[in-house]
Amino acid sequence: MSSVVGFVGLGHMGGPMAANLVKAGHRVIGYDVVPGMRAAAAEAGVETVGSAAETAAGADVVITMLPVGRHVLALYGGEGLLAAARPGTLFVDCSTIDVADARTAHEAVLAAGHRPLDAPVSGGVVGAEAGTLTFMAGGEAADFARAEPLLLAMGKKAVHCGAAGAGQAAKVCNNMILGISMIAVSEAFVLGESLGLSHQALFDVASTASGQCWALTVNCPVPGPVPGSPAARDYAPGFAAPLMAKDLGLAANAARAGGVDAELGRRAARMYAEFAEGEGADLDFSGIVRAVRRRSTPSEASEASEASEGHTSQNGTPA
Ligand code: NAD
(Lines give C-alpha, C1' and ligand atoms only; values in the text may rest on other atoms or scores of the structure.)
Protein backbone atom coordinates (compact mmCIF):
# COMPACT_ATOMS: atom_id res chain seq x y z
CA MET A 1 0.00 0.00 0.00
CA SER A 2 1.41 3.36 -0.91
CA SER A 3 1.83 6.04 1.77
CA VAL A 4 2.37 9.76 1.91
CA VAL A 5 5.75 10.19 3.55
CA GLY A 6 7.21 13.42 4.95
CA PHE A 7 11.01 13.26 4.79
CA VAL A 8 13.31 15.74 6.53
CA GLY A 9 17.07 15.63 6.02
CA LEU A 10 17.94 14.83 2.40
CA GLY A 11 21.72 14.45 2.86
CA HIS A 12 24.13 11.62 2.03
CA MET A 13 21.80 9.05 3.58
CA GLY A 14 18.38 10.73 3.48
CA GLY A 15 18.60 11.71 -0.20
CA PRO A 16 18.95 8.17 -1.57
CA MET A 17 16.57 6.76 1.09
CA ALA A 18 13.85 9.20 -0.01
CA ALA A 19 14.58 8.34 -3.65
CA ASN A 20 14.08 4.64 -2.90
CA LEU A 21 10.70 5.37 -1.32
CA VAL A 22 9.68 7.20 -4.50
CA LYS A 23 10.87 4.21 -6.58
CA ALA A 24 8.71 1.93 -4.40
CA GLY A 25 5.62 3.99 -5.33
CA HIS A 26 5.24 6.21 -2.26
CA ARG A 27 4.52 9.94 -2.43
CA VAL A 28 7.43 11.66 -0.66
CA ILE A 29 7.24 15.29 0.50
CA GLY A 30 10.79 16.34 1.39
CA TYR A 31 12.69 19.16 3.00
CA ASP A 32 16.33 19.93 3.71
CA VAL A 33 17.70 23.21 5.00
CA VAL A 34 20.26 23.20 2.12
CA PRO A 35 18.66 24.19 -1.22
CA GLY A 36 21.10 21.98 -3.21
CA MET A 37 19.92 18.90 -1.31
CA ARG A 38 16.29 19.78 -2.06
CA ALA A 39 17.15 20.18 -5.75
CA ALA A 40 18.91 16.79 -5.92
CA ALA A 41 15.95 15.10 -4.18
CA ALA A 42 13.49 16.79 -6.55
CA GLU A 43 15.34 15.23 -9.49
CA ALA A 44 14.73 11.83 -7.90
CA GLY A 45 10.99 12.49 -7.73
CA VAL A 46 10.66 13.90 -4.20
CA GLU A 47 8.13 16.75 -3.93
CA THR A 48 10.14 19.39 -2.09
CA VAL A 49 8.61 22.08 0.10
CA GLY A 50 9.89 25.25 1.79
CA SER A 51 9.81 24.16 5.45
CA ALA A 52 10.03 21.03 7.60
CA ALA A 53 6.50 21.54 8.95
CA GLU A 54 5.04 21.41 5.43
CA THR A 55 6.33 17.85 4.99
CA ALA A 56 4.22 16.70 7.94
CA ALA A 57 0.93 18.41 7.14
CA GLY A 58 -0.59 15.67 4.93
CA ALA A 59 1.73 12.78 5.80
CA ASP A 60 0.91 9.30 7.11
CA VAL A 61 4.50 8.85 8.22
CA VAL A 62 7.27 11.40 8.87
CA ILE A 63 10.87 10.20 8.54
CA THR A 64 13.82 12.24 9.82
CA MET A 65 17.47 11.63 8.83
CA LEU A 66 19.40 14.37 10.59
CA PRO A 67 22.91 14.79 11.99
CA VAL A 68 22.35 14.66 15.79
CA GLY A 69 19.64 14.54 18.47
CA ARG A 70 19.29 18.27 18.99
CA HIS A 71 18.26 18.66 15.32
CA VAL A 72 15.55 16.02 15.72
CA LEU A 73 14.22 17.49 18.98
CA ALA A 74 14.30 21.06 17.60
CA LEU A 75 12.37 20.05 14.47
CA TYR A 76 9.82 18.07 16.49
CA GLY A 77 9.20 20.99 18.88
CA GLY A 78 7.53 24.42 18.70
CA GLU A 79 5.58 25.05 15.52
CA GLY A 80 7.47 22.17 13.88
CA LEU A 81 6.69 18.67 12.72
CA LEU A 82 4.60 17.42 15.66
CA ALA A 83 2.32 20.46 15.65
CA ALA A 84 1.81 20.29 11.87
CA ALA A 85 0.95 16.58 11.64
CA ARG A 86 -2.49 14.96 11.74
CA PRO A 87 -3.23 13.03 14.96
CA GLY A 88 -1.76 9.53 14.97
CA THR A 89 0.98 10.23 12.44
CA LEU A 90 3.90 7.80 12.72
CA PHE A 91 7.24 9.53 13.40
CA VAL A 92 10.25 7.42 12.41
CA ASP A 93 13.63 8.88 13.30
CA CYS A 94 16.38 7.14 11.33
CA SER A 95 19.19 9.46 12.49
CA THR A 96 21.87 8.08 14.82
CA ILE A 97 21.36 10.00 18.07
CA ASP A 98 21.88 9.68 21.83
CA VAL A 99 19.71 6.98 23.41
CA ALA A 100 18.53 9.61 25.93
CA ASP A 101 17.54 12.01 23.11
CA ALA A 102 15.70 9.18 21.35
CA ARG A 103 13.67 8.51 24.51
CA THR A 104 12.92 12.24 24.87
CA ALA A 105 11.79 12.25 21.23
CA HIS A 106 9.46 9.30 21.89
CA GLU A 107 7.87 11.14 24.82
CA ALA A 108 7.39 14.32 22.77
CA VAL A 109 5.76 12.38 19.91
CA LEU A 110 3.40 10.56 22.27
CA ALA A 111 2.50 13.77 24.15
CA ALA A 112 1.52 15.36 20.82
CA GLY A 113 -0.85 12.47 20.03
CA HIS A 114 1.36 10.69 17.48
CA ARG A 115 3.26 7.37 17.31
CA PRO A 116 7.09 7.17 17.68
CA LEU A 117 9.77 4.80 16.40
CA ASP A 118 13.56 5.13 16.54
CA ALA A 119 15.06 3.30 13.56
CA PRO A 120 18.74 4.05 12.98
CA VAL A 121 20.53 2.28 10.17
CA SER A 122 23.72 0.54 9.29
CA GLY A 123 25.02 0.06 5.77
CA GLY A 124 26.32 3.54 4.95
CA VAL A 125 25.81 5.60 1.81
CA VAL A 126 26.35 2.56 -0.41
CA GLY A 127 23.54 0.73 1.40
CA ALA A 128 21.29 3.81 1.28
CA GLU A 129 21.76 4.06 -2.48
CA ALA A 130 21.33 0.33 -3.12
CA GLY A 131 18.36 0.02 -0.75
CA THR A 132 20.21 -2.58 1.32
CA LEU A 133 20.31 -0.84 4.72
CA THR A 134 19.67 -2.66 7.98
CA PHE A 135 17.24 -0.87 10.31
CA MET A 136 17.23 -1.45 14.07
CA ALA A 137 14.06 -0.17 15.64
CA GLY A 138 12.76 0.80 19.06
CA GLY A 139 9.10 1.36 19.93
CA GLU A 140 5.78 -0.49 20.12
CA ALA A 141 5.44 -3.65 18.00
CA ALA A 142 2.37 -2.23 16.20
CA ASP A 143 4.28 0.90 15.21
CA PHE A 144 7.19 -1.20 13.97
CA ALA A 145 4.74 -3.25 11.88
CA ARG A 146 3.30 -0.05 10.43
CA ALA A 147 6.78 1.24 9.50
CA GLU A 148 8.18 -2.06 8.25
CA PRO A 149 7.02 -1.86 4.59
CA LEU A 150 8.64 1.59 4.30
CA LEU A 151 11.83 0.43 6.02
CA LEU A 152 12.03 -2.53 3.64
CA ALA A 153 11.64 -0.19 0.67
CA MET A 154 14.87 1.48 1.86
CA GLY A 155 16.67 -1.57 3.22
CA LYS A 156 16.97 -5.34 3.17
CA LYS A 157 16.42 -5.99 6.85
CA ALA A 158 14.53 -4.40 9.75
CA VAL A 159 14.90 -5.71 13.31
CA HIS A 160 12.55 -4.75 16.13
CA CYS A 161 14.96 -4.44 19.07
CA GLY A 162 12.54 -3.49 21.85
CA ALA A 163 10.95 -0.43 23.44
CA ALA A 164 11.74 3.30 23.03
CA GLY A 165 15.44 3.87 22.32
CA ALA A 166 16.24 0.18 21.73
CA GLY A 167 17.16 0.80 18.09
CA GLN A 168 19.69 3.46 19.08
CA ALA A 169 20.93 1.20 21.88
CA ALA A 170 21.57 -1.64 19.41
CA LYS A 171 23.34 0.75 17.07
CA VAL A 172 25.74 2.18 19.68
CA CYS A 173 26.48 -1.25 21.20
CA ASN A 174 27.25 -2.72 17.77
CA ASN A 175 29.44 0.20 16.76
CA MET A 176 31.29 0.09 20.07
CA ILE A 177 32.21 -3.53 19.27
CA LEU A 178 33.25 -2.45 15.77
CA GLY A 179 35.37 0.52 16.91
CA ILE A 180 37.18 -1.48 19.58
CA SER A 181 37.70 -4.48 17.28
CA MET A 182 39.13 -2.29 14.49
CA ILE A 183 41.67 -0.88 16.94
CA ALA A 184 42.46 -4.42 18.16
CA VAL A 185 43.00 -5.67 14.59
CA SER A 186 45.14 -2.60 13.78
CA GLU A 187 47.30 -3.06 16.88
CA ALA A 188 47.73 -6.75 16.00
CA PHE A 189 48.93 -5.92 12.47
CA VAL A 190 51.37 -3.28 13.79
CA LEU A 191 52.62 -5.73 16.43
CA GLY A 192 52.99 -8.36 13.69
CA GLU A 193 55.01 -5.87 11.61
CA SER A 194 57.40 -5.30 14.51
CA LEU A 195 57.75 -9.09 14.91
CA GLY A 196 58.52 -9.57 11.23
CA LEU A 197 55.18 -11.26 10.48
CA SER A 198 53.68 -10.56 7.04
CA HIS A 199 50.19 -9.08 6.80
CA GLN A 200 49.07 -12.04 4.71
CA ALA A 201 50.34 -14.62 7.20
CA LEU A 202 48.60 -12.93 10.12
CA PHE A 203 45.42 -12.61 8.05
CA ASP A 204 45.51 -16.26 6.95
CA VAL A 205 45.75 -17.39 10.56
CA ALA A 206 43.50 -14.88 12.36
CA SER A 207 40.72 -14.89 9.73
CA THR A 208 40.12 -18.60 10.35
CA ALA A 209 41.05 -18.63 14.05
CA SER A 210 39.63 -17.07 17.18
CA GLY A 211 40.72 -13.53 16.17
CA GLN A 212 38.21 -13.61 13.31
CA CYS A 213 35.91 -10.55 13.10
CA TRP A 214 34.35 -8.21 10.51
CA ALA A 215 37.06 -5.57 11.05
CA LEU A 216 39.59 -8.17 9.90
CA THR A 217 37.80 -10.21 7.25
CA VAL A 218 35.78 -7.50 5.46
CA ASN A 219 37.28 -4.11 6.34
CA CYS A 220 40.88 -5.26 6.81
CA PRO A 221 42.95 -2.19 7.84
CA VAL A 222 46.07 -3.12 5.85
CA PRO A 223 46.15 -3.36 2.05
CA GLY A 224 46.50 -6.78 0.46
CA PRO A 225 44.62 -9.52 2.27
CA VAL A 226 41.10 -8.21 1.40
CA PRO A 227 41.22 -6.60 -2.06
CA GLY A 228 37.95 -4.66 -1.62
CA SER A 229 38.72 -3.14 1.78
CA PRO A 230 39.19 0.66 2.06
CA ALA A 231 42.90 0.11 2.80
CA ALA A 232 43.25 -0.95 -0.85
CA ARG A 233 42.15 2.53 -1.98
CA ASP A 234 44.16 4.69 0.41
CA TYR A 235 41.39 4.54 3.02
CA ALA A 236 38.74 6.34 0.99
CA PRO A 237 35.50 5.65 2.97
CA GLY A 238 33.64 3.32 3.45
CA PHE A 239 32.56 4.29 6.92
CA ALA A 240 34.20 7.62 7.64
CA ALA A 241 36.28 8.03 10.82
CA PRO A 242 34.27 11.10 12.00
CA LEU A 243 31.08 8.97 11.97
CA MET A 244 32.81 6.26 14.02
CA ALA A 245 34.02 8.97 16.42
CA LYS A 246 30.45 10.24 16.71
CA ASP A 247 28.98 6.77 17.37
CA LEU A 248 31.64 5.93 19.97
CA GLY A 249 30.87 9.25 21.66
CA LEU A 250 27.19 8.23 21.82
CA ALA A 251 28.19 4.83 23.25
CA ALA A 252 30.40 6.54 25.85
CA ASN A 253 27.52 8.87 26.81
CA ALA A 254 25.18 5.91 27.20
CA ALA A 255 27.76 4.01 29.28
CA ARG A 256 28.31 7.02 31.54
CA ALA A 257 24.55 7.53 31.98
CA GLY A 258 24.09 3.85 32.85
CA GLY A 259 27.11 3.65 35.17
CA VAL A 260 28.78 1.06 32.91
CA ASP A 261 32.56 0.83 33.11
CA ALA A 262 33.20 0.45 29.37
CA GLU A 263 36.91 1.25 29.56
CA LEU A 264 37.83 0.10 26.06
CA GLY A 265 34.80 1.90 24.64
CA ARG A 266 35.95 5.14 26.27
CA ARG A 267 39.50 4.68 25.01
CA ALA A 268 38.27 3.88 21.51
CA ALA A 269 36.10 7.02 21.59
CA ARG A 270 39.13 9.15 22.52
CA MET A 271 41.36 7.55 19.87
CA TYR A 272 38.78 8.02 17.13
CA ALA A 273 37.97 11.60 18.19
CA GLU A 274 41.66 12.50 17.92
CA PHE A 275 42.06 10.66 14.61
CA ALA A 276 38.91 12.20 13.10
CA GLU A 277 40.00 15.71 14.04
CA GLY A 278 43.36 15.22 12.33
CA GLU A 279 44.53 13.01 9.49
CA GLY A 280 41.43 10.82 9.64
CA ALA A 281 38.96 13.61 8.83
CA ASP A 282 38.32 12.26 5.32
CA LEU A 283 39.43 8.65 5.80
CA ASP A 284 37.71 5.36 6.44
CA PHE A 285 37.76 4.39 10.11
CA SER A 286 40.18 1.52 9.32
CA GLY A 287 42.81 4.23 8.69
CA ILE A 288 43.24 4.21 12.49
CA VAL A 289 46.01 1.66 11.77
CA ARG A 290 48.13 4.61 10.65
CA ALA A 291 47.66 6.34 14.00
CA VAL A 292 48.61 3.12 15.82
CA ARG A 293 51.71 2.77 13.64
CA ARG A 294 52.66 6.41 14.10
CA ARG A 295 52.40 6.16 17.87
CA SER A 296 54.61 3.07 17.90
CA THR A 297 58.39 3.20 18.17
CA PRO A 298 59.75 2.99 14.63
CA SER A 299 61.52 -0.23 13.77
CA GLU A 300 62.95 -1.59 10.58
CA ALA A 301 59.94 -3.85 10.18
CA SER A 302 57.32 -1.08 10.41
CA GLU A 303 59.30 1.27 8.17
CA ALA A 304 59.50 -1.48 5.58
CA SER A 305 55.76 -2.03 5.89
CA GLU A 306 54.92 1.70 5.47
CA ALA A 307 57.11 1.75 2.40
CA SER A 308 55.41 -1.29 0.88
CA GLU A 309 51.98 0.18 1.66
CA GLY A 310 52.96 3.37 -0.19
CA HIS A 311 54.20 1.27 -3.08
CA THR A 312 50.86 -0.50 -3.46
CA SER A 313 48.64 2.59 -3.19
CA GLN A 314 46.47 3.11 -6.24
CA ASN A 315 47.08 6.81 -6.84
CA GLY A 316 50.80 6.54 -6.40
CA THR A 317 50.99 8.77 -3.31
CA PRO A 318 52.68 7.41 -0.22
CA ALA A 319 50.07 5.89 2.13
P1 NAD B 1 24.35 14.55 6.16
O2 NAD B 1 24.99 15.67 6.90
O3 NAD B 1 24.80 14.22 4.78
O4 NAD B 1 22.76 14.77 6.10
C5 NAD B 1 22.02 15.42 7.09
C6 NAD B 1 21.12 16.41 6.37
O7 NAD B 1 20.28 17.05 7.33
C8 NAD B 1 21.92 17.51 5.66
O9 NAD B 1 21.59 17.52 4.28
C10 NAD B 1 21.48 18.78 6.38
O11 NAD B 1 21.42 19.91 5.52
C12 NAD B 1 20.12 18.37 6.90
N13 NAD B 1 19.68 19.19 8.01
C14 NAD B 1 20.36 19.58 9.11
N15 NAD B 1 19.60 20.34 9.90
C16 NAD B 1 18.38 20.46 9.28
C17 NAD B 1 17.19 21.12 9.59
N18 NAD B 1 17.07 21.83 10.71
N19 NAD B 1 16.16 21.03 8.73
C20 NAD B 1 16.29 20.30 7.60
N21 NAD B 1 17.40 19.65 7.24
C22 NAD B 1 18.43 19.72 8.08
O23 NAD B 1 24.49 13.26 7.10
P24 NAD B 1 24.25 11.74 6.69
O25 NAD B 1 25.54 11.11 6.37
O26 NAD B 1 23.11 11.66 5.72
O27 NAD B 1 23.81 11.14 8.11
C28 NAD B 1 22.51 11.33 8.63
C29 NAD B 1 22.37 10.48 9.89
O30 NAD B 1 22.59 9.11 9.56
C31 NAD B 1 23.38 10.84 10.99
O32 NAD B 1 22.76 10.75 12.23
C33 NAD B 1 24.46 9.78 10.82
O34 NAD B 1 25.16 9.52 12.03
C35 NAD B 1 23.63 8.59 10.39
N36 NAD B 1 24.37 7.57 9.62
C37 NAD B 1 25.19 7.95 8.60
C38 NAD B 1 25.87 6.98 7.89
C39 NAD B 1 26.81 7.34 6.75
O40 NAD B 1 27.57 6.47 6.29
N41 NAD B 1 26.78 8.59 6.24
C42 NAD B 1 25.71 5.62 8.22
C43 NAD B 1 24.82 5.27 9.23
C44 NAD B 1 24.16 6.26 9.92
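The values are calculated or read from the model by the stated rules, or taken from the named source; none is laboratory data. Since the structure is predicted, the reported quantities are computational estimates derived from the model, not experimental observations. Positions of Cβ are generated from backbone atoms using ideal geometry, with glycine treated the same way; all protein chains shown enter the neighbour counts.
For the stretch 60-90, a residue qualifies if it is among the basic types (Lys, Arg) and over 22 Å from the mean Cα position of the chain (by Cα), and exactly one does: ARG86. Screening the stretch 20-85 for helices (runs of 4 or more DSSP H) wholly inside it with 3 or more residues that are within 23 Å of LEU152 (Cα to Cα) returns the ranges 35-43. Scan the stretch 240-262 and tell me whether some residue there is buried (at least 16 other Cβ atoms within 10 Å of the Cβ), within 14 Å of the ligand (Cβ to nearest atom), basic (Lys, Arg) and on the phi < 0 side of the Ramachandran plot. Yes: one or more hits.
Condition check ((1) modelled with pLDDT under 95; (2) farther than 20 Å from GLY30 by Cβ; (3) surrounded by fewer than 17 Cβ atoms within 10 Å (Cβ to Cβ)) across all residues:
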{"residue": "LEU81", "(1), (2), (3)": "no, no, no"}
{"residue": "ARG86", "(1), (2), (3)": "no, no, yes"}
{"residue": "THR89", "(1), (2), (3)": "no, no, no"}
{"residue": "ASP101", "(1), (2), (3)": "no, yes, no"}
{"residue": "ALA137", "(1), (2), (3)": "no, yes, no"}
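A quick yes/no check of all residues on (1) assigned by TED's automatic domain parsing to the domain that holds SER229; (2) away from the ligand (no atom under 16 Å from the Cβ):
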{"residue": "THR134", "(1), (2)": "no, no"}
{"residue": "ALA141", "(1), (2)": "no, yes"}
{"residue": "PHE144", "(1), (2)": "no, yes"}
{"residue": "HIS160", "(1), (2)": "no, yes"}
{"residue": "LEU178", "(1), (2)": "yes, no"}
{"residue": "SER186", "(1), (2)": "yes, yes"}
{"residue": "LEU191", "(1), (2)": "yes, yes"}
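Applying the condition of being in a loop (DSSP other than H, G, I, E, B) and at pLDDT 95 or above to the stretch 1-19 and asking which residue is nearest to the chain's Cα centre (by Cα) yields MET13.
Out of everything in the stretch 115-132 that is buried (at least 21 other Cβ atoms within 10 Å of the Cβ) and free of Cβ contacts under 8 Å to residues at least 60 places away in the same chain, what residue ends up being nearest to the ligand (Cβ to nearest atom)? Here the residue is PRO120. Does the stretch 135-157 contain at least one residue that is in contact (Cβ under 8 Å) with a residue 60 or more places away in the chain and under 14 Å from the mean Cα position of the chain (by Cα)? No: zero hits.
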